[in-house]
Amino acid sequence: MDPITIGIIISIALVLVLGSGIPVAFGLGFISIASLLVWEGPDSISGIAEIFYSGLAEFTLVSIPMFIVMGAVVASSPAGKDLYMALDRWLNRVPGGLILSNLAACSIFAALSGSSPATCAAIGKMGIPEMRQRGVSDGLATGSIAAGGTLGILIPPSITMIVYGVATETSIGRLFLAGLIPGFLMTSLFMVWALYSAWKKDPDFMTNAPSFSWSERFRILPRVLPFIAIIIAVLYVLYGGVATPSEAAGVGALMCLLVAVAVYKLFQIKTIWTILSDSMKESVMILMIIGASALFSYTLSSLFVTQTLAETIASLDVNRWVLLACVNLFLLVAGMFLPPVAVILMTAPILMPIISSVGFDPYWFAVILTINMEIGLITPPVGLNLYVINGIVPDVNLPTVLKGAFPFVLCMVLAIIILCIFPELATWLPNTVMGDAV
């Protein structure tokens with residue numbers, strides 16, 4: 001049987017297995033082992049434990065649980081509430097300041113937590129009721145927070161970028177820098193649409209804002225600025241050559257924990273234990289997927305599926321932009337059904353040779369891939385952020401949340417188009433700071 005046919009059979013089997021609800025890591029492992037048994041015999045599985053372990057024997061992966069701890073500390077404290085309140089107080093005189101403050105809070109909190117659901121929950125609990133109270137429509141109030149939460153996987157430090165870097169053996173520092181300007185671009189597009197949509201419904205909404213004294217504005221800053229300083233410090237030590245990503249993540253996690261204890265008096269052992277145990281659960285889940293994906297990649301390579309597919313696509317006489325459009329469509333569909341980490345780990349080893357062979361920059365493509373994953377977070381049937389928002393405001397039905405989020409999906413598609421026209425938005429900063437990629 002030829003490798004392409006084997007690849008199609010494996011893909012169909014994987015979709016059916018994952019569609020049954022089995023955890024992604026176990027689904028990948030099962031399909032990998034079954035495929036090796038069917039096409040290469042029992043002897044082929046003698047080294048699966050070593051392959052699984054080798055997928056995890058990467059020092060850079062230490063940064064994943066550290067960044068998760070960093071996010072869990074922020075999510076488990078009132079930091080999200082304070083961040084929202086601070087921005088609301090400082091932007092209240094800006095036209096549409098309420099909506100801007102919510103989206104800005106999402107982008108900053110997303111950078112701290114690296115988790116889209118955590119961002120939606122933290123900012124949404126404060127922001128959505130406040131926006132609705134001031135006359136913003138239910139769809140826009142919920143949709144803007146659902147979309148703002150997706151920024152967590154693009155704005156550094158990003159766990160998905162770390163996973164991409166490990167899967168493709170690319171520089172994590174470069175990936176972080178590549179996502180910075182596109183992250184601000186996405187935030188700006190979200191803000192422009194949200195302001196236009198709110199203004200179109202009620203031209204007077206921009207002037208309906210409470211007033212705050214200067215003392216009230218400055219009073220909230222000591223609770224917020226330390227966390228923002230931690231983000232800046234982590235990025236500085238990464239690009240200043242002071243520390244590796246793993247070391248920077250470890251220091252960032254420790255500093256977040258110390259700040260949370262100092263600012264919010266989180267002295268209870270029970271609270272700290274909850275933060276660490278929740279972080280461990282999420283870390284183990286991600287690392288299990290990484291190990292299983294290493295086994296899955298080995299299986300595809302051993303059966304010559306990856307090599308044959310890459311050679312076949314590279315030999316097609318089609319415009320490379322047509323090829324990129326097909327890849328984007330594939331990623332959009334995959335992102336609607338699977339979590340970002342799983343999609344990246346399963347597709348990156350296959351797509352990277354194809355993307356490189358037609359002359360696309362791998363760091364630029366990482367941003368394109370990540371935006372596709374962001375779209376998957378606010379589109380059904382999985383659309384994790386939609387369900388988080390629906391849980392926060394159960395009186396707003398899911399179709400209303402989806403309708404409110406859809407224009408932000410179009411903003412993400414526009415961002416992809418802009419990045420295709422101006423790829424320097426993703427490549428200029430890493431090349432400037434770290435030199436041209438070798």
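The values are calculated or read from the model by the stated rules, or taken from the named source; none is laboratory data. Quantities reported herein were computed from a predicted structural model and do not represent experimental measurements. No Cβ is skipped: glycine too gets one built from the backbone with ideal geometry, and neighbour counts run over all protein chains shown.
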Of the residues in the range 419-438, those that are of a type in the set (A, V, I, L, M, F, W, C), touching a residue at least 24 places away in the same chain (Cβ under 8 Å) and either part of a helix (DSSP H, G or I) or more than 21 Å from residue 356 (Cβ to Cβ) (or both) come to 419, 420, 425, 426, 428, 429, 433, 434
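Checking the conditions here, which among 188, 144, 211 is hydroxyl-bearing (Ser, Thr, Tyr), over 30 Å from residue 291 (Cβ atoms), surrounded by fewer than 19 Cβ atoms within 10 Å (Cβ to Cβ) and touching a residue at least 24 places away in the same chain (Cβ under 8 Å)?
Numbers: 188 fails: touching a residue at least 24 places away in the same chain (Cβ under 8 Å); 144 fails: surrounded by fewer than 19 Cβ atoms within 10 Å (Cβ to Cβ).
On inspection, the qualifying residue turns out to be 211.
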Scanning the range 385-430 for residues that are modelled with pLDDT of 90 or more and of a type in the set (S, T, N, Q) gives 427
Over the range 353-373, the set of residues of a type in the set (Phe, Trp, Tyr) and either under 16 Å from residue 308 (Cα atoms) or touching a residue at least 40 places away in the same chain (Cβ under 8 Å) (or both) is 360, 363, 364
In the set 260, 243, the lone residue that is over 21 Å from residue 81 (Cα atoms) and either in contact with a His (Cβ under 6 Å, 6 or more places away or on another chain) or not β-branched (Val, Ile, Thr) (or both) is 243
Inset, instruction - For residue 333, state whether it is surrounded by fewer than 20 Cβ atoms within 10 Å (Cβ to Cβ) and either modelled with pLDDT of 90 or more or of a type outside the set (Ser, Thr, Tyr) (or both). - result: yes
If you go through 77, 44, 63, the only one that is surrounded by 13 or more Cβ atoms within 10 Å (Cβ to Cβ), outside any helix (DSSP H, G or I) and either among the hydroxyl-bearing types (Ser, Thr, Tyr) or modelled with pLDDT of 80 or more (or both) is 77
#### Entry: Residue within the range 308-320 that is of a type outside the set (A, V, I, L, M, F, W, C) and either under 22 Å from residue 376 (Cα atoms) or buried (at least 21 other Cβ atoms within 10 Å of the Cβ) (or both) present
no
Among 375, 389, 416, the single one that is within 18 Å of the chain's Cα centre (by Cα), more than 18 Å from residue 119 (Cβ to Cβ), part of a helix (DSSP H, G or I) and not polar (S, T, N, Q) is 416
